[in-house]
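The structure appears below as structure tokens.
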Amino acid sequence: CCEAECISLAGCNKLEAMLKRKDVVLVDGVVLNGPIIDSETGEQFVEEAYKMIIEEAVRKATDVTEKVCEWQPPEQLKKILDVELRDSGESNQKLLQLCQKVIHYSVKTSHPRFFNQLYAGMDHYSLVARFITEALNPSVYTYEVSPVFLLVEDATLKKMIEFVGWKEGDGIFSPGGSVSNMYAVNLARYKYSPEIKEKGLSGAPRLVMFTSEESHYSIKKAAAFLG
């Protein structure tokens, strides 16, 4: 109780210090232009969570003696995880416990006995790259806001163009097969009817798309989206 009271008192002192600022913006008791979280506490949480991720999601998840998944029925898993959204936050300790549960009850796709037609296994070097991109949170719009990752993207596209066998070209990254197929249908539509970009569907001829009965379901979705 004493520790909780000390933490509460420290939080009150920080709030009082913020409220004394001349430029403070207070709406319904919330300081809009104050720090979102305590940086020191946040960094400590990151360090503790990182250790857990390495142990639970990297070491144990790739250990053949461990389970691929600690399977639970949906209703039971809801009770275990307690995923309901609340108005108030949780303590660091409770969040770490929740992180551990999330890893424990998830499918370990890097496990030696996990088999999937699209993905499996762990690339440790790519994992570190993901850590970096998540920490920096870049938006690869222009060179000014993301110089390093724009160059990486450009180099990757050039290599992909090489694989296709083209001498030159361009490209974009997409989040998956469905969106990629929709981009492809959009390009095909534009090639057939370029005026659609300015006149819209109402100014274009009636379009028909031919595809195999065995084609991916995303082709039908693309037709629905693009008309």
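The values are calculated or read from the model by the stated rules, or taken from the named source; none is laboratory data. Remember, predicted model here, so these are calculated numbers, not experimental data. Reconstructed Cβ throughout: ideal geometry from the backbone, glycine too, with neighbour counts over all protein chains shown. Ligands, DNA and RNA are excluded from the accessible area calculation, which covers all protein heavy atoms including side chains. Shrake-Rupley method; radii C 1.70, N 1.55, O 1.52, S 1.80 Å.
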Values of log10 I(q)/I(0), in the order q = 0.18 Å⁻¹, for segment 106-213 under a Debye, Cα-only, solvent-free model: -1.17
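Suppose every K and R has +1 on its Cβ and every D and E has -1 on its Cβ; what is the size of the dipole of the chain about the Cα centre, in Debye to the nearest 20? Before the final figure, lay out the partial values.
Numbers: 26 positive and 32 negative charges, 195 e Å.
Using Cβ point charges on Lys, Arg, Asp and Glu, the chain gives about 940 debye.
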Sequence-distant lysines (8 or more away, or on other chains) whose Cα lies within less than 25 Å of Lys94: Lys14, Lys51, Lys60, Lys67, Lys78, Lys79, Lys108
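Tell me the per residue accessible area of segment 164-227 using a 1.4 Å probe; a whole number in Å² is fine. Can you show the working numbers first?
Numbers: 5500 Å² over 64 residues.
Roughly 86 Å² per residue, with all protein chains present.
Using DSSP to define loop residues, name the chymotrypsin sites (Phe, Trp or Tyr not before Pro) in segment 88-172 whose beta-carbon has at most 16 other beta-carbon atoms within 10 Å. It would help to have the intermediate numbers written out before the result.
Numbers: sites: Tyr105, Phe114, Phe115, Tyr119, Tyr125, Phe131, Tyr141, Tyr143, Phe149, Phe163, Trp166; in loops: Tyr105, Phe114, Phe115, Tyr119, Tyr141, Tyr143, Trp166.
In loop regions of segment 88-172 (DSSP not H, G, I, E or B), the sparsely surrounded chymotrypsin sites (Phe, Trp or Tyr not before Pro) are Tyr105, Phe114, Phe115, Tyr119, Tyr141, Tyr143, Trp166.
How high is the relative contact order of the chain? Use alpha-carbon pairs under 8 Å, at least six apart in sequence, and give a whole percent.
Numbers: 119 pairs, mean separation 25.3, N = 227.
Answer for the chain is 11 percent.
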Dipole of the chain [Lys/Arg +1, Asp/Glu -1 at C-beta], most positive-end residue of Gly121, Val27, Leu201: Leu201
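Once neighbouring chains are kept in place and the probe is 1.4 Å, which whole percent of the accessible area of segment 185-227 is contributed by carbon and sulfur? Numbers along the way, then the final one.
Numbers: 2130 of 3790 Å².
Accessible surface attributable to carbon and sulfur in segment 185-227 totals 56 percent.
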Loop trypsin sites (Lys or Arg not before Pro), segment 115-191 (other Cβ atoms within 10 Å of the site Cβ: 13 or fewer; DSSP): Lys167
Length-normalised contact order for segment 77-146 - Cα pairs under 8 Å, 6+ apart - percent: 15
Computed [θ] at 222 nm, helices only, for the chain once each DSSP H run of length n ≥ 4 contributes -39500 (n - 2.57): -16000 deg cm²/dmol
Reachable aspartates and glutamates from Lys158, criterion Cα separation under 12 angstrom, eight or more residues apart if same chain: Glu168, Asp170
Karplus-derived HN-Hα couplings along segment 123-137 (A = 6.51, B = -1.76, C = 1.60, θ = phi - 60°), whole Hz, x at Gly and Pro: 9, 4, 6, 5, 4, 5, 4, 5, 4, 5, 5, 5, 5, 7, 6
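Averaging over every viewing direction, what projected area does the convex hull of the Cα atoms of the chain cover, in nm²?
Working: hull surface 87.3 nm².
Dividing the Cα hull surface by four gives the mean projection, 21.8 nm².
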Residue of Leu150, Leu201, Leu136 that the Gaussian network model of the chain assigns the largest fluctuation, springs spanning Cα pairs under 10 Å: Leu201
Reachable lysines from Lys197, criterion Cα separation under 22 angstrom, eight or more residues apart if same chain: Lys220, Lys221
Fluctuation leader among Gly200, Gly171, Gly42 - the chain, Gaussian network, Cα springs under 10 angstrom: Gly200
Sparse-neighbourhood loop sites, GluC sites (Glu not before Pro) in segment 89-175 - DSSP loop, at most 13 other Cβ within 10 angstrom: Glu90, Glu144, Glu168
Label zone at Asp38, where the point sits 7 Å out along the Cα-to-Cβ direction: segment 64-101 residues whose backbone N lies under 17 Å: 89-96
Per residue accessible area of segment 44-111, 1.4 Å probe, in Å²: 74
